[in-house]
1. Please report, to two decimal places, log10 I(q)/I(0) for segment 63-115 at q = 0.13, 0.16, 0.23 Å⁻¹ as given by the Debye formula with identical point scatterers on the Cα atoms and no solvent.
2. List the relative contact order of the chain as a percent without decimals, with contacts defined as Cα pairs under 8 Å and 6+ residues apart.
3. Where Rh is the Kirkwood radius over the Cα pairs of the chain, the temperature 4 °C and the viscosity 1.567 mPa s, what D in µm²/s does Stokes-Einstein return?
4. In degrees, nearest 10, range 0 to 90: what is the angle between the Cα axis of helix 77-86 and the longest Cα principal axis of the chain?
5. Excluding residues fewer than 8 places away in the same chain, name every one of the aspartates and glutamates whose C-alpha is closer than 14 Å to that of LYS25.
6. Find out how many positive minus negative residues lie around GLN32, taking Lys and Arg as positive, Asp and Glu as negative, among other residues whose Cβ is under 12 Å from that of GLN32.
7. Treating the angle as unsigned and between 0 and 90°, give the value, to the nearest 10°, between the Cα long axis of helix 36-51 and the longest Cα principal axis of the chain.
8. Between GLN17 and GLU70, what is 0.36 nm times their sequence separation minus the Cα-Cα distance? Round to one decimal in nm.
Amino acid sequence: MAIWTGTMPTAKLNDRQIRPSEYHKWEHARRQFARGRDRATVDAYKAELVANGGRLKTPIRLSIDDRTHEVAIGDGHHRCIALMELGIADFAFTWGWRRTFTNTTDHRPFPTGVL
């Protein structure tokens, strides 16, 4: 079965709906990615987005905590910052459950009710 891929409004990348998993708030990620190698990574993704008409080659990975149903970025923090900085309206994503000892990939449509 193929991995399900959907699209999500970039506006949902906020501190209430889709949170950064490695940072307390999106502003913390922005500050972290403001210089050095992180800045170069964000800039490379921005160039990719511009070259590909606002589309990423690799979808963002969303993870839903199986206990709290909190939605967070499982993979793609730099790509998210690039999307936000360019004002791209939506992004492609895959998703799965974040469980105590494992992360899964789900093949069903994203359960939008968790947002």
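1. Rounded to two decimals, the profile gives -0.36, -0.53, -0.96.
2. Reported relative contact order: 37 percent.
3. Translational diffusion coefficient: 90 µm²/s.
4. Around 60 degrees separate the two axes.
5. Output for LYS25: ASP15, GLU70.
6. With Lys, Arg at +1 and Asp, Glu at -1, the neighbours total +3.
7. The helix 36-51 is inclined about 90 degrees to the chain.
8. So the extension gain works out to 18.3 nm.
Where a number appears in this text, it was derived from the coordinates with a stated rule and is not lab data. Since the structure is predicted, the reported quantities are computational estimates derived from the model, not experimental observations. Reconstructed Cβ throughout: ideal geometry from the backbone, glycine too, with neighbour counts over all protein chains shown.
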